[in-house]
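The values are calculated or read from the model by the stated rules, or taken from the named source; none is laboratory data. Keep in mind that this is a model prediction, so the values were computed, not measured. Note that we place each Cβ from the backbone using ideal geometry, even for glycine, and neighbour counts take in every protein chain shown. Ligands, DNA and RNA are stripped out before the accessible areas are found, and what is left, the full protein with its side chains, is counted by its heavy atoms. Shrake-Rupley method; radii C 1.70, N 1.55, O 1.52, S 1.80 Å.
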Amino acid sequence: MKSVLIAVAASAPVLTRDRFGQDPGYHAFADQRPFLGVSNFANVASNLPFLFVGAYGLAATRRSAEPLAYGVLFLGVLL
């Protein structure tokens, strides 16, 4: 019961405030050049190492003694 009251008290300031807009320049990435038909190619390609490390880690955790904890970690990296 105590944890529910803490959660409600912590959520109240967030739920009672007005929404605020996002900065229009947020999506103005530094490198906007297209390559191979993919706009912002360098920004997109920079995420590929996360895909590879996450997939490798998931494959490696299948042989690990702690597959659940590491599996969740590498699934987060993959996503």
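Within the range 7-32, restricting attention to residues that are surrounded by 10 or more Cβ atoms within 10 Å (Cβ to Cβ) and not in a helix (DSSP H, G or I), the residue that is modelled with the highest pLDDT is GLN32.
If you go through the range 30-50 and pick out every residue that is within 21 Å of VAL77 (Cα to Cα) and among the hydroxyl-bearing types (Ser, Thr, Tyr), you end up with 1. Which residue pairs have Cβ atoms under 7 Å apart, sit 6 or more places apart or on different chains, and have a first residue in the range 30-57 that is among the charged types (D, E, K, R) and a second that is open to solvent by less than 80 Å² (accessible area, probe 1.4 Å)? Close Cβ pairs satisfying both conditions: ASP31/ASN40; ASP31/ALA42; ASP31/ASN43; ARG33/PHE41.
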